Amino acid sequence: MEKLDCRACLEEELIEICLENNIKKFRANQIFKWVQQKGAHDWEEMKNIGKEDREKLREILYLQPLEIIREQRSKDGTRKFLFRLVDEESIETVLMDYDKTLSRDRQTICLSTQVGCPVGCSFCATGMAGFQRNLTVGEITGQVLEVMRYLQKEDPEFKVTNIVFMGMGEPFLNYEAVLKTIEILNSENGQKIGMRRMTISTSGVVPKIVQLAKDNSQVGLAISLHSAKDEVRDNLVPMNKKYPLAKLIRACRNYQSITNRRITFEVALNNQNTSREEAKEFVKLLKGMTVHVNLIPVNPVQGSRVKRPSNKEISVLKEILEAGRIPVSIREEKGVDIEAACGQLRQRLECEVYEPINQN
Ligand code: SF4
């Protein structure tokens with residue numbers, strides 16, 4: 001029988017597995033806490049579970065930690081982790097604003113959901129590297145568990161409080177795995193991260209926007225909009241050719257009519273989308289919706305055609321949106337010096353050999 005990934009199991013699934021294998025029901029609660037609260041790497045760590053049960057469980061479930069093979073620290077407090085996966089693929093995960101001297105109220109981690117990305121946005125290093133595969137639930141959850149475990153060595157109180165699915169990959173192209181990860185991370189006996197503290201960011205996979213409204217109306221939704229004109233957005237976000245703006249905005253309005261939730265629209269500002277005319281189009285497009293627009297001046301990515309606009313252009317765009325009563329903020333860039341900002345994540349493993357740094 002094929003073994004199951006212990007990190008991908010909900011507590012109720014572990015109960016079923018225990019009962020089917022003549023293991024007492026309360027063990028499921030102990031295992032779930034070891035795995036999802038403490039980030040256990042091995043059955044041997046689970047000291048309150050008898051050897052006999054541990055041996056039985058080892059035959060049914062596997063525990064596959066992710067190896068942290070590089071950690072980079074930005075001068076703004078952002079930390080970036082490069083993980084090696086079991087098949088030698090690699091992904092990056094970003095912890096924004098980490099600084100143990102700051103309030104512990106908000107520690108936001110940006111998770112990857114795919115190895116590479118098939119969407120191919122023109123400003124994005126991940127997209128340029130192509131697509132390899134979807135991440136499993138255990139691999140997405142594992143990013144939180146490994147970062148937590150690693151940082152608790154320097155700050156035992158460290159806890160991830162907020163999640164954004166905004167790293168490598170399009171989360172809605174790995175929809176089931178992302179939704180199950182959210183359920184696991186929200187669990188009372190796991191990380192207990194509030195649904196409203198988790199946000200899925202999509203390039204605009206229209207059918208999943210409405211499906212999310214039905215499946216989980218608590219989790220936040222962010223749309224990578226980038227342009228209010230199809231001819232421009234087609235070039236920036238190829239997903240727009242399949243789901244153009246009219247369809248995307250219709251789905252967002254539909255989502256809002258079901259959930260009553262505000263939607264965040266992300267606009268990576270570059271030399272192609274900062275004209276006055278474009279700004280007016282944003283106002284027209286978003287009128288009547290409950291939204292917040294984040295303007296993010298694009299970060300330099302080697303090999304990309306798009307460039308960062310001037311500060312003057314950015315303020316003009318902001319003023320036009322504000323005049324159109326669209327709530328807007330300019331989002332401070334994080335981790336640019338370690339290539340941890342939007343569109344900068346990529347796989348780095350190919351030419352380098354690393355030893356894991358998170359063993360115990
Ligand atoms: S911006 Fe997001 S959706 Fe677009 S290519 Fe990069 S990872 Fe994929």
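Values quoted throughout were computed directly from the atomic coordinates according to the rules given, and no laboratory measurement underlies them. The structure presented is a predicted model; accordingly, all values stated were derived computationally and were not measured. FYI the Cβ positions are ideal-geometry reconstructions off the backbone, even for glycines, and counts take in every protein chain you see.
How far is helix 137-151 tilted off the main Cα axis of the chain, in degrees rounded to 10, range 0 to 90? Between the helix axis and the principal axis of the chain, the angle is about 80 degrees. Highest-first packing order for the peptide set 20-30, 157-167 is 157-167, 20-30, based on the mean count of other beta carbon atoms within 10 Å. Of all the options Ile209, Ile258, Ile69, the one that moves most in a Gaussian network model of the chain with Cα springs shorter than 10 angstrom is Ile258. Label-point separation (nm) for Ile60 and Asp105, each offset 7 Å from Cα along Cα-to-Cβ? Between Ile60 and Asp105, the label points sit 4.3 nm apart. Taking every lysine pair in segment 203-333 that is 8 or more places apart or spans two chains, those with Cα atoms closer than 16 Å amount to 13. Computed from the alpha carbon atoms alone, the convex hull of segment 203-333 holds 105 Å³ per residue. Rounding to the nearest 10 and keeping the result within 0 to 90°, find how far the Cα-based axis of helix 11-20 lies from the longest principal axis of the chain. Relative to the chain, helix 11-20 is tipped by roughly 30 degrees. Distance between the modelled labels on Asp5 and Asn29, one decimal in nanometres: 2.7 nm (7 Å Cα→Cβ projection). Packing, as the average of other Cβ atoms within 10 Å across residues, places the peptides 191-201, 170-180 in the order 170-180, 191-201, highest first.
The simple spin-label model puts a point 7 Å past each Cα toward its Cβ; for Arg262 and Asp87 those points are separated by 4.0 nm. Beta bridges from DSSP with both residues in the chain: antiparallel share about 40 percent, rounded to the nearest 5. Sparsely packed loop sites in segment 41-100 (the chymotrypsin sites (Phe, Trp or Tyr not before Pro) outside DSSP H, G, I, E and B with at most 11 other Cβ atoms within 10 Å) do not occur. Of all lysines in the structure, the ones whose alpha carbon falls short of 27 Å from that of Lys47, not counting any fewer than 8 places away in one chain, are Lys3, Lys24, Lys25, Lys33, Lys38, Lys56, Lys153, Lys159, Lys192. Treating the angle as unsigned and between 0 and 90°, give the value, to the nearest 10°, between the Cα long axis of helix 206-215 and the longest Cα principal axis of the chain. Between helix and principal axis, roughly 50 degrees.
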